[in-house]
Amino acid sequence: MLIPLPEFDLMPKSVRVAMLLTFAGWCSFLFATYAYYDADSFFKFLVAGGIVCYYLYKGRRWARVMAMLSSVFIVLYGGFFAFLFAGKNSTAMVVSAANVVLFAASFYYLAIPETGRFFKKETPADESDDADRNNPSTQDD
C-alpha cells in the first residue's frame, strides 16, 4: 500500500473488502458523474462519498448504513444509465455497469454478518468526551 493504514490491517477481511469496494465504487461513480451523468453534481457527490468513505474507515455504524443506502441508490442510478447508454455510448455504458457491479458487491460485503458485528462493536469515546467528564465546571454539584 502507498499509505500505511495500521487500523486497516486489524479489520476483518470482509470489512476490508467492503471498504475497498466502496472506495473503488465511489471513484468510479465520481468519474461517471463528471464525464457522463451530470458534471454540476460532481462536487456534491464528492463530498458525500468522501464523508461516507472516511467514517466507514473509522468504523462508524451510521456510515455503514449510509454506504448501504447509497449503494442501493447508485445501483439503481447506474442501471438506469447503463440502459440509457446501451447502443449509444459504449464507454458510458461500461462505466455505468461497473458502478452497478462495484456497489452491488460493496452492499453484499457490508451486509454480511461478520461485517455487521464489526460495526456493532462499541467505539471508544472521543477525547473531547473524556475532557468534558474530567472538567469540574461541567459536572453537576
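The values are calculated or read from the model by the stated rules, or taken from the named source; none is laboratory data. As the structure is a computational prediction, the values presented were derived from the model and not from experiment. With ideal geometry, Cβ positions are generated from the backbone for all residues, glycine too; neighbour counts draw on all protein chains shown.
Here are the numbers for this structure:
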item: Hits in the range 85-134 - residues which are at pLDDT 55 or above and over 26 Å from Phe23 (Cβ atoms); result: Ala86, Gly87, Lys88
item: Some residue of the range 20-37 being in contact with a Lys or Arg (Cβ under 9 Å, 6 or more places away or on another chain) and farther than 25 Å from Leu84 by Cα; result: no
item: Residue, surrounded by the most Cβ atoms within 10 Å (Cβ to Cβ), within the range 44-60, restricted to residues that are assigned to a helix (DSSP H, G or I) and small (Gly, Ala, Ser); result: Gly49
item: Residues of the range 24-40 that turn out to be over 14 Å from Ser70 (Cβ atoms), assigned to a helix (DSSP H, G or I) and without any contact (Cβ under 8 Å) to a residue 40 or more places away in the chain, as a count; result: 3
item: Test: Leu46 is modelled with pLDDT of 90 or more and in contact with a helix residue (DSSP H, G or I) (Cβ under 7 Å, 6 or more places away or on another chain); result: yes
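Yes/no matrix, rows are residues, columns are (1) free of Cβ contacts under 8 Å to residues at least 24 places away in the same chain; (2) surrounded by 15 or more Cβ atoms within 10 Å (Cβ to Cβ); (3) farther than 17 Å from Ser106 by Cβ:
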{"site": "Thr22", "(1), (2), (3)": "no, yes, no"}
{"site": "Phe42", "(1), (2), (3)": "yes, yes, yes"}
{"site": "Trp62", "(1), (2), (3)": "yes, no, no"}
{"site": "Val75", "(1), (2), (3)": "no, yes, no"}
